Amino acid sequence: MMSRSYTNLVDLATGNFPAMGREKKRFPRTMTVPGNIAELDDDQAYSVTSENPSSVTSDRMIIVGNQLPLKATRRPDDTGWSFSWNEDSLLLQLKDGFADDMEVFYVGLLKVSVDPSEQDDVSQTLLEKFKCVPTFLPSDILSKFYDGFCKRQLWPLFHYMLPFSAERGGHFDRSSWEAYISANKLFAQKVVEVLNPDDDYIWIHDYHLMVLPTFLRRRFNRVRMGFFLHSPFPSSEIYRTLPVRDEILKALLNSDVIGFHTFDYARHFLSCCSRMLGLEYQSKRGYIGLEYYGRTIGIKIMPVGVHMRRMESLMKQAEEEHGVEELREKFNGKTVLLGVDDLDIFKGVDLKILAMEQMLKQHPKWKGKAVLIQIVNPARGRGINIDQVMAEIQKNCRRINKEYGQPGYQPIIFINRPVLASERVAYYSIAECVVVTALRDGMNLTPYEYVACRQGYSDAESSLSLEGPKKSMLVISEFIGCSPSLSGAIRVNPWNVEATAEAMNEAIAANDSEKQWRHEKHYRYVSKHDVAYWSRSFLQDMGRICAEHFRKRCWGIGFGFGFRVVALDPNFRKLSIATILSDYTRAKARAILLDYDGTVKAQSSIMNSPSKDVVSILNTLCADPKNTVFIVSGRTKEILSKWFSPCEKLGIAAEHGYFLRWSQKEEWQVCSQNSDFGWMHITEPVMQLYTEATDGSSIEAKESALVWQYRDADLGFGSSQAKEMLDHLESVLANEPVSVKSGHFIVEVKPQGATKGAVAEKVFTAMAENGKQADFVLCIGDDRSDEDMFEIISSSVSRDTLSSNTAVFACTVGQKPSKARYYLDDTSEVRNMLESLAEASDSSPTQEEEEQEGLRSPRRTR
């Protein structure tokens, strides 16, 4: 069954929809939403929020990954399937970090192909016995989803390979992207089957499911959801080449927490959000947050660890089944270096083998003594150039063994077959050094596993017991995720074969005390930061961030991949024309304060001057003697005087309130007590210095302020320069009567006290002093400078400048966090509302109103 919301997403992405088989309808087992899944499959269906009662009292976790943590085998009589837990699956191991009473469900694919006639029975069995919900994808979608988009588009790109040719992944394939969307949609449907949105956590794993958060968030605005990326995230220069870059970023931002293994990966993601979506992040008390439509998306940086109890179990199994002592005897007198890698072009296995050759060439003493055992696990999918990589590795192994081998000795032992985890542990136990030369890798737990195995376990009779000093050495690529956490390892650039060879020699030639010291340092980290520590930390962050979101009102807006959830203060609501008209018509003294750019006039307008319609509306409002109307803008008084010359009775506050004029007949007033502009001679040279160094930046000199803008500069560099300039100016202007502030692509220096808030206070005070205290206030703005006005309105009531009975409408433009209590969506809604107020005004004054006209030029407060 396919929903209309799904069609919207596909239409947005491609305009086409891949055919999908009709699924059998199944009722959910634990979902508390009224109705069935078919009813949920409509865009207008009931959206679950926290107001709905839950039938479940304890939290549950739904873990969604590409594959379920299960092993599946066909029964000998071919009558069905047998299933068991895959103890080596990370998704299974992370349960150790959860509370004992937390119920865990899994959603994902099976590694085997199940006939459609058996799928319902298999689903029921897995749900009842394992709490697993299998997702079955049609073969055509599965192929394009996994082998197509995942392995030939995302995987290479995330590992810094651009698709210059067919041999390097090929150009963007729109049908593979469609299949990726289709697969994620089917995953979402399976999650919904077991989801209790009020009580459940959802934890989505890896790049296969990067658009899944949008599908789930579209259904359940307040569900608690995290995402963890187990691969690298590339720099913005690489990621921006992806044709669907914005769609994936926006989908990820529908999560509450987004996790990465290293700060580098997180930094690249944040840079992409900044450059492509204009979002900025903040770091507060050790937590990184990305503000997105009122929600703070947590950015979690935490490398995954190994499961220590599982490692101990594998060590015991290795002794029993794979003969650790026999291996030691086999390689007696040899110094063993070990490599364990998947068959992939990014693992750098060929470079490792060449480094081994170089070590034997540069240090002949190791000939006949040093052995590199290279285990290559089968490729996980039909990736790029797999056959060529294998051929190159085998070719180099044969050549090196022929050149440096001798009877009873081969320098490279190449194991090209599936190796069980317990057998791998047996090789760890005899290796003096593990070498990882991946060109780019998300995490790579091989070094962690090796350190844990070299520590052994507590069994006096075991060859892997804890008795005696423990030693281990690591030579690892600086381009893998575990590198920053292993400070005792010898880090190498795998592309530099000679340097890698020297590092390998240094590792195996080190004395025992150094090997012990490095091992102890690594083991302290590995044993503490295990998989339970990682999952517990991630869950705690999800709980903390989601608790903050629950304190806000949330609702979804947008279509397709533009869908997002807006989270705002519970008291924040849309300004109703009917509501404001009622108070407007009853009022006797009204104050109307309007920002210009982005409020009365759209920011993107080609012509910045006001339209005839706007001028007409303002004139009608100004003609009502009950009204005191002001345009409050950051623009210069010359520009505003010119633009609003037809509005004779309009008050204007220019340059954020430094200059103020009550009407066209009045003179401009200076509202700041600071008339010394000597600080400009200090400020301008500093700004000029940064302008010369920052291409695309410029200085705007106002009569009362200097503004440095970098809207046309490189976003990252401009932002960095702005922060540096802000610190520089605050330092040199510390004793000057000015304020230095950063804004949207600007750094501004202006006199202290020159704010839009001061304008609002001056207007309210003047009206009160003339005996006509405002009983109606309308204040509309769209950016940070307007927040000063909203704040002053609240404080004016406490200072009796405004009455507690005053009808106050502080309104921001756009649904975003604000000190205002109301919002309007855009400038067109602002104009429509002002037009309604103008129609309600009586522009033909009575005698009483003419007497009030004298109050329009109130006594000024200087």
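Per DSSP H run of n ≥ 4, the term is -39500 (n - 2.57); total these for the chain, divide by its residue number, and report the mean residue ellipticity at 222 nm rounded to 500 deg cm²/dmol.
Values: 29 runs with 330 residues, N = 862.
Per the formula, -11500 deg cm²/dmol.
Carbon-plus-sulfur fraction of the accessible area of the range 519-675, 1.4 Å probe, in percent? Before the final figure, lay out each step's value.
Numbers: 3350 of 6720 Å².
Answer for the range 519-675 is 50 percent, counting heavy atoms of protein chains only.
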Worksheet item: Given that compact globular proteins tend to follow 2.2 N^0.38 Å, what is the ratio of the alpha-carbon Rg of the range 240-366 to that value?
Response: 1.67
Worksheet item: Once amide H atoms are placed 1.01 Å from N in the peptide plane, what residues at a sequence separation of 5 or more from Ser698, or on another chain, have their amide H within under 5 Å of its amide H?
Response: Gln709
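Find the percent of Cα-Cα distances in the range 413-547 that exceed 19 Å, and round it to a whole number. Present the calculation step by step, with values, prior to reporting the outcome.
Working: 5125 of 9045 pairs.
I get 57 percent for the Cα pairs in the range 413-547 exceeding 19 Å.
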Worksheet item: Between the range 625-682 and the range 494-566, what is the C-alpha centre distance in whole Å?
Response: 55
Practice prompt. Quote the Stokes-Einstein diffusion coefficient, in whole µm² s⁻¹, for the range 116-248, based on the Kirkwood radius over alpha carbon pairs, a temperature of 20 °C and a viscosity of 1.002 mPa s.
Written response: 132
Fill in: Sparse-neighbourhood loop sites, trypsin sites (Lys or Arg not before Pro) in the range 788-822 - DSSP loop, at most 13 other Cβ within 10 angstrom
Arg799
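Taking every pair of distinct Cα atoms and averaging 1/r, then inverting, what Kirkwood hydrodynamic radius in Å comes out for the range 98-147? Write out the running numbers ahead of the final one.
On the way: mean 1/r = 0.0814 Å⁻¹.
The answer is 12.3 Å.
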Worksheet entry | Protein accessible area in the range 678-751, 1.4 Å probe - carbon and sulfur % | 48
Response to the item:
So for R0 = 41 Å, FRET eff. of Glu667-Ser576 from the Cβ-Cβ r, to 0.05, ends up at 0.55
Worksheet item: So how many Å³ per residue does the convex hull of the Cα atoms of the range 743-794 work out to?
Response: 73
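Please sort 618-631, 680-693, 484-497 by packing, taking for each peptide the average over its residues of neighbouring beta carbons within 10 angstrom, highest first. Write out the running numbers ahead of the final one.
On the way: 618-631: 22.4, 680-693: 15.2, 484-497: 18.4.
Descending mean neighbour count gives 618-631, 484-497, 680-693.
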Practice prompt. Give the residue from Ser633, Ile545, Asn511 lying farthest towards the positive end of the charge dipole for the chain; charges sit on Cβ (+1 for Lys and Arg, -1 for Asp and Glu) and the dipole is referred to the Cα centre.
Written response: Asn511
Worksheet item: With axes computed from alpha carbons, what is the tilt in degrees of helix 612-623 against the longest principal axis of the chain, rounded to the nearest 10 within 0 to 90?
Response: 50
Worksheet item: In nanometres, what is the gap between the two model label sites at Glu638 and Asp246, each 7 Å from Cα along Cα-to-Cβ?
Response: 3.7
Worksheet item: Among the lysines, which have Cα under 18 Å from the Cα of Lys702 when same-chain residues fewer than 8 positions away are ignored?
Response: Lys637, Lys642, Lys741, Lys750, Lys756
Worksheet item: Calculated FRET efficiency, Ser828 and Asn608, Cβ-Cβ r, R0 25 Å, to nearest 0.05?
Response: 0.90
Worksheet, complete the sentence: The value for the range 678-751 (convex hull of the alpha-carbon atoms, volume per residue, Å³) is 71
Discussion item. Per residue, how much accessible surface does the range 678-751 expose to a 1.4 Å probe? Answer in Å², no decimals.
Written reply: 49
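Could you list the square roots of 5 times each eigenvalue of the Cα gyration tensor of the range 504-631, that is, the equivalent ellipsoid semi-axes, sorted largest first and rounded to whole Å?
65, 22, 14
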Response to the item:
To the nearest 20 debye, the chain has a Cα-centred charge dipole, built from +1 on Lys and Arg Cβ and -1 on Asp and Glu Cβ, of 1040
Fill in: Signed unit charges on C-beta, dipole axis of the chain, positive-most listed residue Leu420, Ser487, Leu621
Leu420
Worksheet item: Given labels modelled 7 Å from the Cα in the Cβ direction, how far is it in nm from Glu325 to Asn493?
Response: 4.8
Item to complete: Whole Å is fine, so just give me how far the alpha carbon centre of the range 722-801 lies from that of the range 236-298.
Response: 32
Worksheet, complete the sentence: Note on the chain: contact order normalised by length, alpha-carbon pairs under 8 Å, 6 or more apart, percent, works out to 10
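Just order 756-766, 584-594 by mean Cβ neighbour count inside 10 Å, highest at the front, would you? Write out the running numbers ahead of the final one.
Details: 756-766: 23.5, 584-594: 19.7.
Most protected by this proxy first, the peptides run 756-766, 584-594.
Report the semi-axes of the equivalent ellipsoid for the range 309-354 in whole Å, largest first, where each axis is √(5λ) for an eigenvalue λ of the Cα gyration tensor.
26, 18, 7
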Worksheet item: Using the Cα gyration tensor of the range 717-820, with a ≥ b ≥ c the square roots of its eigenvalues, what is the shape: rounded (a/c below 1.5), prolate (a/b larger than b/c) or oblate (neither)?
Response: oblate
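Counting only pairs 8 or more places apart or on different chains, how many lysine pairs in the range 335-432 have C-alpha atoms closer than 15 Å? Could you put the intermediate results ahead of the total?
Details: Lys352/Lys361; Lys352/Lys395; Lys361/Lys369; Lys361/Lys402; Lys367/Lys402.
Count of close lysine pairs: 5.
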Worksheet item: Ranked highest first by average number of other Cβ atoms within 10 Å, how do 66-74, 607-615, 340-348, 280-288 line up?
Response: 340-348, 66-74, 607-615, 280-288
Worksheet item: Any idea what angle helix 263-277 forms with the longest principal axis of the chain, computed on alpha-carbon atoms, 0 to 90 degrees, nearest 10?
Response: 40
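Calculate the tail of P(r) for the chain: the fraction of all Cα-Cα distances greater than 46 Å, expressed in %.
Values: 151614 of 371091 pairs.
So the portion of pairs separated by more than 46 Å is 41 percent.
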Worksheet entry | Stretchable slack from Phe172 to Phe550, in nm (0.36 nm times residue separation minus alpha-carbon distance) | 132.1 nm
Discussion item. Can you compute the charge dipole magnitude of the range 244-297 about its Cα centre, using +1 on each Lys and Arg Cβ and -1 on each Asp and Glu Cβ, nothing else charged? Give it in debye, rounded to the nearest 20.
Written reply: 120
Worksheet, complete the sentence: With label points set 7 Å from each Cα along the Cα-to-Cβ direction at Lys395 and Gln362, the distance between them in nm comes to 2.5
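The values are calculated or read from the model by the stated rules, or taken from the named source; none is laboratory data. Given the structure is predicted, the values throughout are model-derived calculations rather than measurements. Here Cβ is always computed from backbone atoms with ideal geometry, including for glycine, and neighbour counts include all displayed protein chains. Just so you know, the surface numbers come from the protein's heavy atoms only, side chains and all, with ligands and any DNA or RNA stripped out. Shrake-Rupley method; radii C 1.70, N 1.55, O 1.52, S 1.80 Å.
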